[in-house]
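Asker: First, the structure itself, so that you have it in front of you.
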Amino acid sequence: MLRVAKLALWSIVSTLLLLVGGISSSTVIVFAQQPTGSVPTVTGTAAGPTIKVDGSLQQVTVYAGPGSSEYLAVGVLLANETAPALGRARGRDDWIQIYYAGVPGSVAWVWALNVSLSPGAFLPVVDIPLTPTPFSTPTLNPTLEAAFIGQQTPTRLPTFTPPPPLELPSFTDSSPTGNRGVPTGLLILSLGLFGFFGAVISYLRGR
């Protein structure tokens, strides 16, 4: 009986060893070297002429047409920013058409003095777009104007009356022109001589 049990245990162990050996033989471990290297990075550049904003300016305004008073501002370009240049305005060489995404037609305009063109750039002449029509023209109701704004009555300007001529006073010389009567000096001298002779006569009588 014990012998039978040993044989059964040996057969089970053998079966397990055969199973483990089959699984391990079916699993193949491959040792391979991983590839090394770098994939080149491709950077795209704008084809054709470009403009570059002057670095001394903080930003420049981009307009819908070649003019700051006739067309609306549609955006800005920052200092040293670049954009593809498309052409120059016909009759306005100081305005350059650029590619500007986000606006109708993806085109806009910048003033040429605020940007610099790429070396050797040649820009074709393009037609100027039509000026935008204002949404409404403000008008004033004449009835309201007459009600709130009073009509000015023309008044006659005051006339100028010249002043009378200025009369300057005239001064005359009031000093005497001739000697009238006995001079005062002569009268004093006569009285002095009369007193002297009186004194001499009184002296002689006293002797």
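The values are calculated or read from the model by the stated rules, or taken from the named source; none is laboratory data. This structure is a prediction, so every number in the text was calculated from the model and none was measured. Cβ sites come from the backbone with ideal geometry, for glycine too, and all protein chains shown count toward neighbours.
Asker: Within segment 89-106, count every residue that is surrounded by fewer than 20 Cβ atoms within 10 Å (Cβ to Cβ) and either out of contact with any Lys or Arg (no Cβ under 9 Å at 6 or more places or on another chain) or assigned to a loop (DSSP other than H, G, I, E, B) (or both).
Answerer: Here the count works out to 11.
Asker: Another question, if that's okay. Of Gly75, Gly65, which residue is modelled with pLDDT of 75 or more, assigned to a loop (DSSP other than H, G, I, E, B) and under 30 Å from Trp111 (Cα atoms)?
Answerer: Testing whether each residue is modelled with pLDDT of 75 or more, assigned to a loop (DSSP other than H, G, I, E, B) and under 30 Å from Trp111 (Cα atoms) leaves just Gly65.
Asker: Additional query: All but one of (1) surrounded by 13 or more Cβ atoms within 10 Å (Cβ to Cβ); (2) hydrophobic (A, V, I, L, M, F, W, C); (3) touching a residue at least 40 places away in the same chain (Cβ under 8 Å) hold for Leu77, so report the exception by its number.
Answerer: Condition not satisfied by Leu77: (3).
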